[in-house]
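The values are calculated or read from the model by the stated rules, or taken from the named source; none is laboratory data. Since this is a predicted model, take the numbers as computed values, not measurements. FYI the Cβ positions are ideal-geometry reconstructions off the backbone, even for glycines, and counts take in every protein chain you see. Ligands, DNA and RNA are stripped out before the accessible areas are found, and what is left, the full protein with its side chains, is counted by its heavy atoms. Shrake-Rupley method; radii C 1.70, N 1.55, O 1.52, S 1.80 Å.
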Amino acid sequence: MSTISSTSSHKLNTILLRNLILPGGDIFFGQRMMEHLKFLEEAQWWNIDQINNYQNDMLSHLIRIAYDEVPFYRELLLKSKISPDEIRNTNDLQKLPIVTKEMLRKGYPKFVTRSTGHKTYEVSTSGSTGKNFFVKEDFYTAGLYRATFLLDLEWAGWSIGDPHLQTGMTINRSLDKRLKDWALRCYYHSAYRLDEKNLNEILTIIEKHKIKFVFGYPGSIYYLAKYASKVGWNQPLRSVVTWGDMLYPNVKKKIEDTFQTRVFDTYGCGEGVQIAAQCEQGNYHIHALDTIVEFVDDNGKNVSEGISGNILITRLHPGPMPLIRYSVGDVGKTSFEINCGCGRQLPMMESIYGRSGDVITTPSGNHLIVHFFTGILEHFPEIDSFQVVQKSDNTLLLKIQPYNEIDAFTINEIVRMLMEKGCDDMNIETEIVPSIPLSPMGKHRFIINETNIKHEKQPN
Ligand SMILES: [Zn+2]
């Protein structure tokens, strides 16, 4: 009896939230989050022609607005001798130049923003370079990408009203976020400190509120899983949703094993775009109703399926700061697959390699992504954690945090294997460290390319 009544009260709560409380919040904040979510819940099942038609209409509208209202894009089109009417579909988009962070930084705010009639605010995003980069947002546009994010959570089996725990890097939650936390039954916990006291607090919250869903950075949840298995905590979770960092195979496995759960990864960027997420089948679907994603080589040419390229995004909702062919600084691949077992025809991408900075480039031009290192280092059970730092063009420092001890013979063997598999033209230095510090954003960075940082640093 009690199960039935708690289920029906939960359902009632979901109905109230979906139809009354959240739409009320939308009116208050000038958003259309719930309306957009309901649209996406239906449109995610459209066939590819419907998706493309919708995308093309949105694109034409976006280009027209950017040309008419944003001096930066007007100039870009004029310089390229392209009329806004010529951009009608994704292929036409290739006629336009690529927009970099640096270009937007130079024109900010005057030349790259427009008035939307909504109240705007500024968001600063920190890329791998640590340079401040500002983006103008409004509540209306934020409501749209939040809706897409709610759809991602639904793909992971979550429904509005299900209590969940979120770890993140916000110390002071804004009023709208706090109200949303309250309405959506979100238990927010800062992940700045991941010491045992705080990890224990998080587990206590999960237990107390019978939480089945945990969301956050993979790195933070990985530490939570490590602590949980250390203290023998074994309450299963329904699912874990990750974002903000690469989901490395060892991290995913540790979380899934410890919490007897499935990890669903999502991919978005701090500039206010929810780009892709994993469906029930584990495939990354691109949110094509919100964003066009392109993959280009270093010369700006679109690459074919299965080849990795720099990710460009075009957000179909103009917002106060339109993003058209904007290079987000990540590398990824389109998928060969067209059909997904889930039935959605939203295009798929194969993988996201994380920030471009998280790649080691050898003197002969070999690109070593993190999987290169995990693929070798996972064979050494003596290693607890590691970090690879490219100190100069031909010097690489491997920091090893051992479980207990690691002997010189093993270290030599690791270096030999790394050289044999792909970096024989580099000097590999090793250092045994007691711990690998988290980045200022609280993420575990497996690869740091210091040569990138030096090249990109501006004197300011
Ligand atoms: Zn799917």
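Things to note:
- Every residue from segment 247-260 that is open to solvent by 20 Å² or more (accessible area, probe 1.4 Å) and on the phi < 0 side of the Ramachandran plot: Leu247, Pro249, Asn250, Lys252, Lys253, Lys254, Glu256, Asp257
- Residue in segment 338-352 that is within 13 Å of the ligand (Cβ to nearest atom), open to solvent by less than 20 Å² (accessible area, probe 1.4 Å) and part of a strand (DSSP E or B) present: yes
- Residue satisfying all of: in segment 71-106; among the basic types (Lys, Arg) and not in a helix (DSSP H, G or I); most open to solvent (accessible area, probe 1.4 Å) among these: Lys81
- Residue match in segment 213-226 (condition: assigned by TED's automatic domain parsing to the domain that holds His164, more than 15 Å from Thr167 (Cα to Cα) and open to solvent by less than 60 Å² (accessible area, probe 1.4 Å)): yes
A quick yes/no check of all residues on (1) open to solvent by less than 70 Å² (accessible area, probe 1.4 Å); (2) under 20 Å from Asp138 (Cα atoms); (3) at pLDDT below 95:
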site: Ser2; (1), (2), (3): no, no, yes
site: His10; (1), (2), (3): yes, no, yes
site: Leu22; (1), (2), (3): yes, yes, yes
site: Gly30; (1), (2), (3): yes, yes, yes
site: Lys38; (1), (2), (3): no, no, no
site: Ser60; (1), (2), (3): yes, no, no
site: Glu69; (1), (2), (3): no, yes, no
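- Hits in segment 253-270 (condition: more than 16 Å from the ligand (Cβ to nearest atom), touching a Leu at 6+ places or on another chain (Cβ under 6 Å) and not hydroxyl-bearing (Ser, Thr, Tyr)): Phe259
- Filter result for Met417 (at pLDDT 85 or above, touching a His at 6+ places or on another chain (Cβ under 9 Å) and away from the ligand (no atom under 16 Å from the Cβ)): yes
- Out of Thr361, Thr314, one residue alone is open to solvent by less than 30 Å² (accessible area, probe 1.4 Å), more than 16 Å from the ligand (Cβ to nearest atom) and in contact with a strand residue (DSSP E or B) (Cβ under 9 Å, 6 or more places away or on another chain). It is Thr314.
- Residue match in segment 110-118 (condition: under 30 Å from Thr451 (Cβ atoms), touching a Leu at 6+ places or on another chain (Cβ under 8 Å) and not aromatic (Phe, Trp, Tyr)): yes
- Qualifying residue in segment 284-307 (condition: more than 15 Å from the ligand (Cβ to nearest atom), of a type in the set (D, E, K, R), out of contact with any Gly (no Cβ under 6 Å at 6 or more places or on another chain) and assigned to a strand (DSSP E or B)): yes
- Residue pairs whose Cβ atoms lie under 6 Å apart, separated by 6 or more positions or on different chains, with the first residue in segment 318-346 and more than 24 Å from Leu247 (Cβ to Cβ) and the second within 16 Å of the ligand (Cβ to nearest atom) and in a loop (DSSP other than H, G, I, E, B), are Gln345/Asn47.
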